[in-house]
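The values are calculated or read from the model by the stated rules, or taken from the named source; none is laboratory data. Predicted model only: the values in this text are computed from it and were never measured. Methodologically, a virtual Cβ is constructed for each residue, glycine included, from the backbone with ideal geometry; neighbour enumeration extends over all protein chains shown. Accessible surface is based on the protein model in full, side chains and every heavy atom, while ligands, DNA and RNA are left aside. Shrake-Rupley method; radii C 1.70, N 1.55, O 1.52, S 1.80 Å.
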Amino acid sequence: MSGQTTVENAAAAAGHGAEASGAGMPQLDFSTFPNQIFWLVVTLVVIYFVLSRIALPRIAAVLAERADTISNDIAAADELKRRAVEAEAAYEKALADARHEANAIVAEAKVQIQSELNAELARADQVIAAKAAESEAAIAEIRKDAVKSVTTISRTAAKQIVAAFGGDAEAAEVNAAVAAQMKG
Amino acid sequence: MSEQATQEASGLVFHPLDQFIVKPLFGEGPIMWYTPTNVTLWMGIAVLCIIGLFVIGSRGRAIVPTRSQSIGELIYGFTYKMVEDVAGHDGVKFFPYVMTLFMFILFSNYLGLIPMSFATTSHIAVTAVLAAAVFLTVTIVGFVKNGTKFLGLFWVSSAPLALRPILAIIELISYFVRPVSHSIRLGGNIMAGHAVMKVFAGFAAVALISPLSVAAITAIYGLEILVAGIQAYVFAILTCVYLKDALHPGH
């Protein structure tokens, strides 16, 4: 009974004769084979043309373009990196040169300053020596003047003291006495 | 108890193979070779899905791909590498051919897993045509490329001379069994999986065992998702292996 309903169901569902092996496998229903094969061939042809004419070339182009872009970018990055390294080297070189030059300038300036300084010092020494000699001369003069003044004052004073005591001093005598005293 | 279950089962719709019946889409009547059937419908949906993924998905030709373009590129790269690795560098010109078979089987397998759908690859008529196409391609390419040297595939020159005729017979048989195993492996796997799910679905109507049945359907559905992918991959990679034999018949 079960088998019979199966056959009926299958037949009703399949819409064709019960020779469709009923409870058996629809896979072995040969009457549907031409239909399936026909549509399969149509499907495969459509898929093949869609893939081989449109999809696969497009994807291949996209992948190639992407690979190109990536390699180009990497090359550009390498180039930039190389340039940066070059720039750094140039900078380092310029820095070293500048430092070297600065050192040379400093040394030169030092030498120049030293020579100028020496010259100035020598000139200053000369001037100082001249001034000192001049001063010494002046001092000697002043001292001489001072001695003369003292002598004069002493003579005058001695004459006046002698006169005050009521003596009449001989000028020559007083002068000789003062001179003797001042030597003593 | 068991009798009751049987009765219940027989009272239910319990025909695990009904899902494979080829029906006309419009009305009733005999199925002629041109009749639009559910086969046509589901193959058409497969074609649309393939177009959607590979043509519409990649329409932007973006350097930075969108999601669908990325999936398309992934499948493209995967298949391309498979063809190149297995069939060799000169096998790459068969890439669109392998891709066509792979994509058709992959999409049909997965579309067949949608409930109430129709699994076109569960039919031996379909898988046999696919396998026959591969077999014919391999044989024709083998003879065109290598001439009679292609027969060296059956003459194992590394074996002792006495064994060679015996090996030749074995190789010859295995060569002609290839399309059979190639087609039945795919069709059988898909059919068996769907039938098992339907059997468990029939048991789900029996209250006592329905939780078990639903759990089993879930588990088998998961397994079938795996099988759908693996069988498509196996079919494609075997195609590549056979193509390698055709291009380089030496062992």
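Between A:N118 and A:V162, the modelled labels are 6.6 nm apart [label points 7 Å from Cα along Cα→Cβ].
Rounded to the nearest whole angstrom, the semi-axes of the ellipsoid equivalent to the stretch B:127-169, taken from the Cα gyration tensor as √(5λ), stand at 26, 14, 6, largest first.
Summed over the residues of the stretch A:2-183 and divided among them, the accessible surface reaches 70 Å² per residue at a probe radius of 1.4 Å.
Association of chains B and A removes close to 4100 square angstrom of accessible area from solvent, both sides included, for a probe radius of 1.4 Å. If you run the Gaussian network model on chain B, springs between alpha carbon atoms under 10 Å, then out of B:A236, B:A133, B:A219 the most flexible one is B:A219.
In percent, how large is the relative contact order of the stretch B:2-247, given Cα pairs closer than 8 Å and 6 or more residues apart? Walk me through the numbers before you get to the answer.
On the way: 251 pairs, mean separation 69.6, N = 246.
Relative CO of the stretch B:2-247 lands at 28 percent.
Simple point charges give the picture: +1 on the Cβ of Lys and Arg, -1 on the Cβ of Asp and Glu, and for the stretch B:2-247 a dipole about the Cα centre of about 740 debye.
Leaving out ligands and nucleic acids, note down the accessible area per residue over chain B with a 1.4 angstrom probe, in whole Å². Can you show the working numbers first?
Values: 12320 Å² over 251 residues.
Spelled out: the 1.4 Å probe surface of chain B, per residue, equals 49 Å².
With contributions of -39500 (n - 2.57) from each DSSP H run of at least four residues, the per-residue ellipticity at 222 nm computed over chain B stands at -23000 deg cm²/dmol. Rolling a 1.4 angstrom probe over the stretch B:2-247 with all protein chains present gives an accessible area of which 74% lies on carbon and sulfur atoms.
Normalised by the residues of chain A, what does the relative contact order come to in percent, with Cα pairs under 8 Å and at least six apart? Don't skip to the end; give the middle numbers.
Working: 35 pairs, mean separation 14.0, N = 184.
With pairs under 8 Å counted, the relative contact order is 8 percent.
Averaging 1/r across all pairs of distinct Cα atoms in the stretch B:147-197 and inverting the result yields a Kirkwood radius of 13.1 Å. The radius of gyration of the Cα set in the stretch B:115-251, together with its Dmax, comes out at 20.5, 67 angstrom.
Given R₀ = 30 Å, what would the calculated FRET efficiency be for B:T148 paired with B:R185, taking r from the Cβ atoms and rounding to 0.05?
Values: r = 31 Å, r/R0 = 1.02.
Once the sixth-power term is evaluated, E becomes 0.45.
What separates the Cα centres of the stretch B:157-185 and the stretch B:105-140 is a distance of 25 Å. In terms of its Cα atoms, the stretch B:28-80 spans 52, 21, 13 Å along the principal axes, sorted from long to short. Each helix, a run of at least 4 DSSP H residues, gives -39500 (n - 2.57); summed and divided by the residues of chain A, these come to -30500 deg cm²/dmol at 222 nm. Under a 10 Å cutoff between Cα atoms, tell me which one of A:E173, A:E92, A:E116 has the largest fluctuation in the Gaussian network model of chain A. Per the Cα network of chain A with a 10 Å cutoff, A:E173 tops the list.
Split the accessible area of the stretch A:77-131 by element, probe 1.4 Å, and carbon with sulfur accounts for 63%. Restricted to Cα atoms, the stretch A:2-183 shows a radius of gyration and a Dmax of 67.4, 197 angstrom. The alpha carbons of the protein assembly as shown stretch over 198, 66, 44 Å along the principal axes, in descending order. Projecting the alpha carbon convex hull of the stretch B:2-247 along each direction and taking the average yields 19.5 nm².
Need one value for A:45-53: mean number of C-beta atoms belonging to other chains within 10 Å of its residues' C-beta atoms. Provide the component values of the computation, followed by the final result.
On the way: counts 1, 8, 13, 7, 2, 7, 12, 5, 1.
Across A:45-53, the average partner-chain Cβ count within 10 Å equals 6.
Relative contact order of the stretch B:37-183, taken over Cα pairs closer than 8 Å and 6 or more residues apart, is 20 percent. Comparing A:S149, A:S115, A:S71 in a Gaussian network model of chain A, where Cα atoms under 10 Å apart are tied by springs, the biggest mean-square fluctuation is seen for A:S149.
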